[in-house]
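S.K.: Sharing a structure below in structure tokens format, with a few things to ask.
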Amino acid sequence: MKLYYQSLDDATVTYSGTADTGYPVTNVQDRNANTLLKETTGIGLVVNYITIDFGSAVACDSLVLGNVLGQANFEYLLEADDNSGFATPETILSSKSLATSGDYIESFTSKTYRYWRIGFLDTITTSSLSIGTVFLGTAIELSRNPNLDETEDFEYSSQVTEALGGGRFGFGDHDNLRQKWNYNFDYITETDKTNMKAMAAGVYGSRRPFYFTDPAGTTHFARMMDNLTITQIGYQAYTMSLALEQEM
């Protein structure tokens, strides 16, 4: 089980192409997969870059591109440098296909740089860029999977309020729209505990959504439902309960 929680919240993000009106590059750093960076004028062999300045050197070992519009010959690359002009960039990822729509996750050997950039190009014709969110940082991989008795519920609740003067109130449950996960771990290590506490602080509990891969390797976009519960059961040994809810 792996969690990708470090986004571009505090970074300075720019785009070398021409974003469509109302679809700026800052949309990729708001942790909302439904607000998009879009450029429909077309991207060809000339690489267009999302450039990220963290303000200081940051160690990264994973990249998430969320809600990408896939196209047949569309590709991306990832470079990093200590120089803002990318005079001698290190190529971290290259020629990675974006042929299908969805979320893309890549892991790589940890690198520490201040400046990073994601390049997009079409190797044959032209493609339109449409991407919802970018996460770049150090992922957490738990040393053990949760118990086999973890539960998954599917429900979505909405409510509207009504009162004199114009407000309305109502409540409805809708099946198969929002997924919930309750993961229980009989044992996690000291390192797991430290990493998970850092993750919970980084996403401000249930405030900020993030990506994770479940034990079967499926990727989800979610947020914490409740406080992270960690209980010590021995020397550097703990149990943990983690409740997550799908982000729509």
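S.K.: With a ≥ b ≥ c the root eigenvalues of the C-alpha gyration tensor of region 20-85, is it rounded (a/c under 1.5), prolate (a/b larger than b/c) or oblate?
M.R.: In terms of gyration-tensor shape, prolate.
S.K.: Only loop residues by DSSP count here, and only those with at most 15 other Cβ atoms within 10 Å; note down the chymotrypsin sites (Phe, Trp or Tyr not before Pro) in region 194-248 that meet that.
M.R.: Passing sites in region 194-248 are TYR204, TYR235.
S.K.: Further, regarding this structure: Provide, in order from the shortest bin, the percent of all Cα-Cα pairs of region 2-141 in each 10 Å bin, continuing until the bin that contains the maximum pair distance.
M.R.: It works out to 13, 46, 36, 5, in whole percents.
S.K.: While we're looking at this one, here's another question. Hey, which of these cross-link pairs are over 30 Å Cα-Cα: LYS2/LYS111; LYS96/LYS193; LYS111/LYS180; LYS38/LYS111; LYS38/LYS96?
M.R.: LYS96/LYS193; LYS111/LYS180
S.K.: Grab the DSSP H runs of the chain that are 4 residues or longer, score each as -39,500 (n - 2.57), total them, divide by all residues and round the 222 nm result to the nearest 500 deg cm²/dmol.
M.R.: Calculated at 222 nm, the ellipticity per residue is -1500 deg cm²/dmol.
S.K.: Could you give the length gained by full extension between ARG208 and THR18, i.e. 0.36 nm per residue of separation minus their alpha carbon distance, to one decimal place?
M.R.: Contour length minus the Cα-Cα distance gives 65.5 nm.
S.K.: While we're here: Could you put VAL28, VAL134, VAL47 in order, starting from the residue whose Cβ has the fewest other Cβ atoms within 10 Å? Spell out each step's value before the answer.
M.R.: Numbers: VAL28 27, VAL134 23, VAL47 18.
Taking fewest neighbouring Cβ atoms as first place, the list is VAL47, VAL134, VAL28.
S.K.: Set the Förster radius R0 to 30 Å, insert the Cβ-Cβ distance between THR88 and GLN246 as r into 1/(1 + (r/R0)^6), and round the FRET efficiency to 0.05.
M.R.: That gives a FRET efficiency of 0.10.
S.K.: Order by neighbour count: GLU141, GLU247, fewest other Cβ atoms within 10 Å first, most last.
M.R.: Lowest count first: GLU141, GLU247.
S.K.: Return THR91, THR51 ranked ascending by Cβ neighbour count within 10 Å, so the fewest neighbours appear first.
M.R.: The fewest-first ordering by Cβ neighbours comes to THR91, THR51.
S.K.: Right, another one. Kindly provide the chymotrypsin sites (Phe, Trp or Tyr not before Pro) of region 1-46 that DSSP labels as loop, not H, G, I, E or B, and whose Cβ sees at most 15 other Cβ atoms within 10 Å. Write out the running numbers ahead of the final one.
M.R.: On the way: sites: TYR4, TYR5, TYR15; in loops: TYR5.
When the chymotrypsin sites (Phe, Trp or Tyr not before Pro) of region 1-46 are filtered for loop state and at most 15 Cβ neighbours within 10 Å, nothing remains.
S.K.: What is the angle, in °, between the Cα long axis of helix 190-202 and the longest principal axis of the Cα atoms in the chain? Nearest 10 is fine, range 0 to 90.
M.R.: On a 0 to 90 degree scale, this one is about 70.
S.K.: Given 5 Å bins starting at zero, what is the percent of C-alpha pairs of region 205-246 in each, up to the one with the largest pair distance?
M.R.: 6, 21, 22, 21, 16, 11, 4
S.K.: Cα convex hull of the chain: mean projected area in nm², to one decimal?
M.R.: Answer in nm², one decimal: 16.8.
Here, each number is a calculation from the coordinates, and none is a lab measurement. Every value quoted in this text rests on a predicted model; they were computed, and no experiment measured them. Ideal geometry is used to build each Cβ from the backbone, glycine not excepted, and the neighbour counts take in all protein chains shown.
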